Amino acid sequence: MATPGVEGGPVPAPGTYEIEPAASMIRFETRALFGLLPVRGTFTIEHGRITVSEAAEEPTVDVVIQAASFESGNQQRDDHVRSADYLDAATHPEITFCSPRLESSVMGAVLDGRLTVQGNTGTVAVALESVAFDGQRITARGIATIDRYAFGVTKAKGMTGRYLKIVTDVTAKLL
């Protein structure tokens, strides 16, 4: 998507592109213990699609993430975050992101979308840092800041960071 503010060659051909989970990743950063300790980790994308229309500003993006894929490198913390105290992965196994449009400005390109966590849906703006197209695949990197309180994840205020910086790297292949 050759969009203002996004580097990356030719515009993808209209069509549906399936996200390749093995080539895609979601990384997060937050703080813990009253902001003293950094916490980094990942989520995995289960599946998703990017649909490119004739109008470059009208792609749709749908992504499904497994809540239980939360991984920070600390098993005790990971199990706790997957529990009902935080993500409640047993009751709400999927985290979803759906974006019906791409906004462009002098500041760059942004996917405006809806994120659903624990059955709570809110809006999220994902700033596209890079997008490239090689004829059959789209690769993209997006960055967003998520306020976990906006999605009902409010346990351990102060002990667990309120905001998460999310960096998503996606590769999607034309179907």
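The values are calculated or read from the model by the stated rules, or taken from the named source; none is laboratory data. All values reported here derive from a predicted model rather than from experimental measurement. Note that we place each Cβ from the backbone using ideal geometry, even for glycine, and neighbour counts take in every protein chain shown. We work out accessible area using only protein heavy atoms, side chains counted, and drop any ligands, DNA or RNA first. Shrake-Rupley method; radii C 1.70, N 1.55, O 1.52, S 1.80 Å.
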Using the Cα centre as the reference, give the magnitude of the dipole from point charges on the C-beta atoms of the chain (Lys, Arg: +1; Asp, Glu: -1; all else neutral), rounded to the nearest 20 debye. 620 debye
Sum up the charges of everything whose Cβ sits under 11 Å from the Cβ of I143, counting Lys and Arg as +1 and Asp and Glu as -1, but leave I143 out. 0
In debye to the nearest 20, how big a dipole does the stretch 100-175 give about its Cα centre with +1 on each Lys and Arg Cβ and -1 on each Asp and Glu Cβ? 340 debye
With +1 assigned to the C-beta of every Lys and Arg and -1 to the C-beta of every Asp and Glu, and no other charges, what is the dipole magnitude of the stretch 48-99 about the Cα centre in debye, to the nearest 20? 180 debye
Once both labels are modelled 7 Å past Cα along the beta-carbon direction, what's the H47-D79 spacing in nm? 3.1 nm
Please give the length that would be gained between D147 and A90 if that part of the chain were fully extended, namely 0.36 nm times their separation in residues minus their C-alpha to C-alpha distance (nm, one decimal). 18.3 nm
1.4 Å probe accessible area per residue over the chain, in Å²: 52 Å²
Put a dot 7 Å past each Cα toward the Cβ at E54 and A125; how far apart are the dots in nm? 3.0 nm
Additional length obtainable on full extension of the chain from L36 to A23, 0.36 nm per residue less Cα span: 1.4 nm
In whole Hz and in residue order, list the ³J(HN,Hα) couplings for the stretch 99-110 that follow from phi through the Karplus curve 6.51 cos²θ - 1.76 cosθ + 1.60, θ = phi - 60°; x for Gly and Pro. 10, x, 7, 10, 9, 10, 8, 5, 7, x, 10, 9
